[in-house]
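Chemist: Okay, handing you the structure first.
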Amino acid sequence: MAARRNSRRPFAWTEKELDEDVLPDRRKLAEALQTVCRHLVVTTQEGQTPTHPTQAQAAKYLHVSETTLTRYLQGQRVPPEKGAAAIFDTACKDAGGSENVGITKRTFLELRTKAEQERCANCSRQRDAVRAAGQELRALQDSNERLERSAAEQARELGELRQRAATLKQEAQRVKAAPVIPVSEAGPRKVRGAARPATLLPVPRRQGDRQQSKNGASAARKVGRRAEELLRGGRPDSTLALLRHTAEACTPLEVALLVALLRTQGQNELTDNLVHIYARDRNDQDVVRAALVLHEQRAVADAEALLRTAVAHPGPAAFGAEWARPPR
């Protein structure tokens, strides 16, 4: 039986159609590479030299993958300099010299260099997009660092407030644990002597008063900033919780300075709530002290409101109630 003849032309696989978007220099390199590959004398591992070698056999002969060879021939990929030189040298050896290939090695490698350096408009746009994305990433990183620093500062301030609250609670427990001398046992002189420290008549400032006022103003500014942040963030519940904590943990001096500060900033509703909570929840002695500081700060209306609210809502530890009872 006669052997079946191959109707295809030899090296038909080198006749690749190039897409329209293939750039000019890459097109020239691909066409030159197709011409060079047609001069290959492919030898298989068995030592045979087929007259119609397949692309797979040629790729194996050139030590590249079949997919890579296809991309070279279609202009989709530029071979590296060593790879291009190896393909050309192999074709020249098989053809018996570069004069039989139709192109010199120097010209072939120059085509490869131009194709590698060729850039399209899409590449330029991609570089601009990458550059813009990098700038945006750096801006986000800077913003994240600022947020982390702000969070750390707020955590530090919260820790200071909690420490101050713990100290004040310990002081309050110590005061509550102190024995109270009844009027019948102390006598009139002892009563007057015991009641004298509770009076808030104007006295000359002691050496530590100025530092205490400075610390109170600093604490008031911190609480004021935190309250303003919560209001801007639309968190009324957290703002109310902050006011209650402030009324419980802060000294009368700090609360009075905070009231004056908030009133100056135009936070009238917030100021009124703080005055109401402090007058309702604290004892009369603290209320009177805070009112005196407000009076010194020329916040007469707030001092009067503090006292009126305290009268309307007697505190849980009104110090005057015990002394007001007549002796038995």
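Chemist: Got a sec to turn the phi values of region 157-167 into Karplus ³J(HN,Hα) couplings, 6.51 cos²θ - 1.76 cosθ + 1.60 with θ = phi - 60°, whole Hz, x for Gly and Pro?
Modeler: Computed from phi, the couplings for region 157-167 are 5, 5, x, 5, 5, 5, 5, 5, 5, 5, 5 Hz.
Chemist: Order the peptides 79-89, 299-309, 129-139, 9-19 from the highest to the lowest mean number of other Cβ atoms within 10 Å of their residues.
Modeler: 299-309, 79-89, 9-19, 129-139
Chemist: Note down the magnitude of the dipole of region 249-288 about its Cα centre, charges +1 on Lys and Arg C-beta and -1 on Asp and Glu C-beta and zero elsewhere, to the nearest 20 debye.
Modeler: Dipole of region 249-288, to the nearest 20 debye: 60 debye.
Chemist: Sorted by packing (mean other beta-carbon atoms within 10 Å per residue), highest first, where do 146-159, 95-108 land?
Modeler: Per-residue mean Cβ counts within 10 Å order the peptides as 95-108, 146-159.
Chemist: Now a separate question. Could you compute how much accessible surface Lys93 exposes when probed at 1.4 Å, giving the result in Å² to the nearest 10?
Modeler: Approximately 140 Å² for this residue.
Chemist: Ala166 label point, 7 Å along Cα→Cβ, cut-off 19 Å on backbone N: hits in region 216-248?
Modeler: Output list for this probe position: 245-246, 248.
Chemist: Quick one: 3J(HN,Hα) in Hz for region 41-54, Karplus 6.51/-1.76/1.60 with θ = phi - 60°, rounded, Gly and Pro as x.
Modeler: 10, 6, 10, 7, 5, 7, x, 8, 10, x, 7, 10, x, 7
Chemist: Also, quick follow-up: Residue farthest toward the positive end of the dipole of region 3-123, with Cβ of Lys/Arg at +1 and Asp/Glu at -1: which of Ser98, Ala59, Gln48?
Modeler: In region 3-123, that residue is Gln48.
Chemist: To continue, here is another question. If R0 is 56 Å, what FRET efficiency do you get for Arg77 and Ser150 from their C-beta distance, rounded to 0.05?
Modeler: Working from the Cβ atoms, E equals 0.65.
Chemist: Cβ neighbours within 10 Å, averaged per peptide: list 228-241, 258-271 in order, most packed at the top.
Modeler: 258-271, 228-241
Chemist: Also, I was wondering about something else. Using each residue's phi in region 243-258, evaluate 6.51 cos²θ - 1.76 cosθ + 1.60 at θ = phi - 60° and report the 3J(HN,Hα) Karplus result to the nearest Hz, with x for Gly and Pro.
Modeler: Once rounded to whole Hz, the list reads 5, 5, 5, 5, 4, 7, 9, 8, 6, x, 4, 5, 5, 5, 5, 5.
The values are calculated or read from the model by the stated rules, or taken from the named source; none is laboratory data. As the structure is a prediction and not an experimental result, all values here were calculated from the model. With ideal geometry, Cβ positions are generated from the backbone for all residues, glycine too; neighbour counts draw on all protein chains shown. The area values use the complete protein model at the heavy-atom level, side chains included, leaving out ligands, DNA and RNA. Shrake-Rupley method; radii C 1.70, N 1.55, O 1.52, S 1.80 Å.
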